[in-house]
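Below is one structure; the comments refer to it alone.
Bear in mind that the values in this text are calculations on the coordinates, not laboratory data. What you are looking at is a predicted structure, and each value in this text was computed from that prediction instead of being measured. Here Cβ is always computed from backbone atoms with ideal geometry, including for glycine, and neighbour counts include all displayed protein chains.
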Amino acid sequence: MRHGIAKRKLNKTSSHRIAMLENMAVSLIKNETIKTTLPKAKELRPFVEKIITLGKKNKESSRMNAFNSLRDKEAVVKVFDDLSKRFKKRSGGYCRIVKAGFRSGDNAPMAFIQLLDQEVVKTDKK
């Protein structure tokens, strides 16, 4: 029985899984959209949302906790300066997962995970 087991193992050791989630979270915060497998995206969403919630508190202890999770100074600055203001009125649900078909090599389900309320960049078509 699976009582009290909350997360997926993703066929990795615990240290590898934690490092992978930290790296994916930094990439998501910096780029605001990444493409990955569906199970990884589903595991990444609560990890990133907790960090953004820390950013909304805007205390020194919250900043240290976010840095301990991300280990990237630029990402922490973006969370506390940009993302915390963007999601100020939103009480949760900062990420969206969009299914993106299957990978051609091993038929793994793929998905885009993206932060909501992205700034739209318009380009002139000539």
Cβ-Cβ cut-off under 9 Å around Ala111, Lys and Arg +1, Asp and Glu -1: the net charge is +4
When the chain is treated as a Gaussian network with springs between alpha carbons less than 10 Å apart, the largest mean-square fluctuation among Ser61, Ser69, Ser104 is found at Ser104
In terms of the charge dipole of segment 14-115, which places +1 on Lys and Arg and -1 on Asp and Glu at the beta carbon, the residue among Ala25, Val77, Ile52 farthest towards the positive end is Ile52
Measuring from its Cα centre, segment 14-115 shows a charge dipole (+1 at each Lys and Arg Cβ, -1 at each Asp and Glu Cβ) which, in debye to the nearest 20, is 400
Low-density loop GluC sites (Glu not before Pro), segment 33-126, at most 12 other Cβ within 10 Å, DSSP non-H/G/I/E/B, are Glu119
Length-normalised contact order of the chain, Cα under 8 Å, at least 6 apart, in percent, tallies to 29
Final fewest-first order of Lys89, Lys78, Lys59 on the 10 Å Cβ neighbour count is Lys89, Lys59, Lys78
Asserting the computed 222 nm helical MRE of the chain (DSSP H runs at least 4 long, -39500 (n - 2.57) per run, divided by residue count, to nearest 500) equals -14000 deg cm²/dmol
Check: C-alpha center segment 59-126 vs C-alpha center segment 24-58, spacing in Å is 5
Scalar couplings 3J(HN,Hα) for segment 33-44 by Karplus 6.51 cos²θ - 1.76 cosθ + 1.60 (θ = phi - 60°), nearest whole Hz, x for Gly and Pro, are 8, 9, 10, 8, 6, 4, x, 5, 5, 5, 7, 6
Amide H neighbours of Ala108 at under 5 Å, excluding residues fewer than 5 places away on the same chain, with H built from the backbone geometry, are Arg103
So the pair-distance distribution of segment 14-115, from every Cα-Cα distance in 10 Å bins, comes to percents of 16, 47, 28, 8, 1
In whole Hz, the Karplus estimates of ³J(HN,Hα) for segment 63-72 (6.51, -1.76, 1.60; θ = phi - 60°; x where Gly or Pro) are 5, 5, 5, 5, 5, 5, 7, 9, 6, 9
